[in-house]
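Working notes for the structure below.
The values are calculated or read from the model by the stated rules, or taken from the named source; none is laboratory data. Just so you know, these numbers come straight off a predicted model, no measurement behind them. Glycine gets a Cβ as well: all are built from the backbone with ideal geometry, and neighbour counts include every protein chain shown. SASA here: full protein model, heavy atoms, side chains in, ligands and nucleic acids out. Shrake-Rupley method; radii C 1.70, N 1.55, O 1.52, S 1.80 Å.
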Amino acid sequence: MLTVDPADFARTMAHVPTPVTVVTTVDPSGRRWGFTASSFTSLSLDPPLVLVCPAKSASCYEAFVFADRFLVNVLASDQAGIAAVFARSGADKFAETPMEPCEAGLPGLRGATARLSCRLEDVLDGGDHSILIGRVEEVSVRDAEPLVYYNRAFARPASSPALASSA
């Protein structure tokens, strides 16, 4: 069986652009939790499902795998600073960002390009991460350019009307 060097795999995956999200929840004691994730995608239209993958080593990991609900904030291109705050460990991330109660009362960003309020449907093993499957119960969309992660940096997607019109 062939094995891929982890450094080669990471370098290769850095060339796959991904959306940048901040995922939040609130535990039973009322404590807010959040992390930055670029491992987010839609899974199913019927029922409406998404998946997001927290690292098993993250300090917020337990809060999410045992959460009843979570909110995915798809960041706008001007929110790279917020992504950086939620990518760190330790400090009170919520004190440093404009989070406020949004869908289902979960902490959210009014300026996000989209928000998806989810009920936790399942948790699957994904190596050093877990795969949270969320059933989408409520959405909010704003006309804002999204933030993407590409080649280990935050970026704005390039717009190409010629490509968009030929699709």
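Which entry is the computed volume of the Cα convex hull per residue in Å³ for this structure: (1) 152; (2) 109; (3) 135?
Computed from these coordinates, volume of the Cα convex hull per residue in Å³ corresponds to label (1).
Among Cys118, Cys102, Cys53, which one shows the highest mean-square fluctuation when the chain is modelled as a Gaussian network with alpha-carbon springs under 10 Å?
The residue with the greatest mean-square fluctuation here is Cys102.
Which residue fluctuates most in the GNM of the chain (Cα springs below 10 Å): Val16, Val123, Val72?
Result: Val16 has the largest fluctuation of those listed.
Once you keep just the Cα pairs under 8 angstrom separated by 6 or more residues, what percentage relative contact order results for the range 4-109? Before the final figure, lay out the partial values.
Details: 138 pairs, mean separation 29.6, N = 106.
The value is 28 percent.
Of the candidates Thr97, Thr12, Thr41, which one comes out as most mobile in a Gaussian network treatment of the chain with C-alpha springs shorter than 10 Å?
Thr12
How far apart, in nm, are two points set 7 Å out from the Cα along the Cα-to-Cβ line at Glu100 and at Val4?
It works out to 4.3 nm between the two label points.
Using a cut-off of 13 Å between beta-carbons, work out the net charge of the residues near Thr113 (Lys and Arg +1, Asp and Glu -1, Thr113 not included).
+1
Could you report the accessible area of Lys56 in Å², rounded to 10, computed with a 1.4 Å probe on the protein chains as they sit in the structure?
It works out to around 80 Å².
Under unit Cβ charges (Lys, Arg +1; Asp, Glu -1), what dipole magnitude, rounded to 20 debye, does the range 111-155 have relative to its Cα centre?
Magnitude of the dipole: close to 180 debye.
Under 14 Å from the Cβ of Met99, count the other residues' Cβ atoms, weight Lys and Arg +1, Asp and Glu -1, and hand me the total.
The answer is +1.
Per-residue ellipticity at 222 nm for the chain, helices alone: DSSP H runs ≥ 4 residues times -39500 (n - 2.57), over residue total, nearest 500 deg cm²/dmol?
Result for the chain: -4000 deg cm²/dmol, rounded to the nearest 500.
Say R0 is 41 Å: what FRET efficiency, to the nearest 0.05, do Glu137 and Ala14 get from their beta-carbon distance?
0.80
Give me the dipole magnitude in Debye, nearest 20, for the chain about the Cα centre, with unit charges on the beta carbon: positive for Lys and Arg, negative for Asp and Glu.
It works out to roughly 340 debye.
Taking Cα centroids, how far is the range 32-98 from the range 8-27 in Å?
10 Å
If you put +1 on each Lys and Arg Cβ and -1 on each Asp and Glu Cβ, how big is the dipole of the range 76-140 around its Cα centre, in Debye rounded to 20?
The calculated dipole for the range 76-140 is roughly 160 debye.
By how many nm would the segment from Ser59 to Ala87 lengthen if fully extended, with 0.36 nm per residue of separation less the alpha-carbon distance? Walk me through the intermediate numbers first.
Working: separation 28, 0.36 × 28 = 10.08 nm, distance 1.11 nm.
Using 0.36 nm per residue and subtracting the Cα-Cα distance, I get 9.0 nm.
Rounded, prolate or oblate for the range 57-148? Axes are the square roots of the Cα gyration tensor eigenvalues, ordered a ≥ b ≥ c, and the cut-off for rounded is a/c under 1.5.
Values: a/c = 1.64, a/b = 1.22, b/c = 1.34.
Oblate is the answer for the range 57-148, as a/c is 1.5 or above yet b/c matches or exceeds a/b.
Given a 1.4 Å probe and heavy atoms of the protein chains only, how would you sort Met1, Met99, Met13, largest accessible area at the top?
Met1, Met13, Met99
Can you check what the net charge comes to around Val141, using other residues whose Cβ is under 14 Å from the Cβ of Val141 (Lys, Arg +1; Asp, Glu -1)?
Local net charge: -1.
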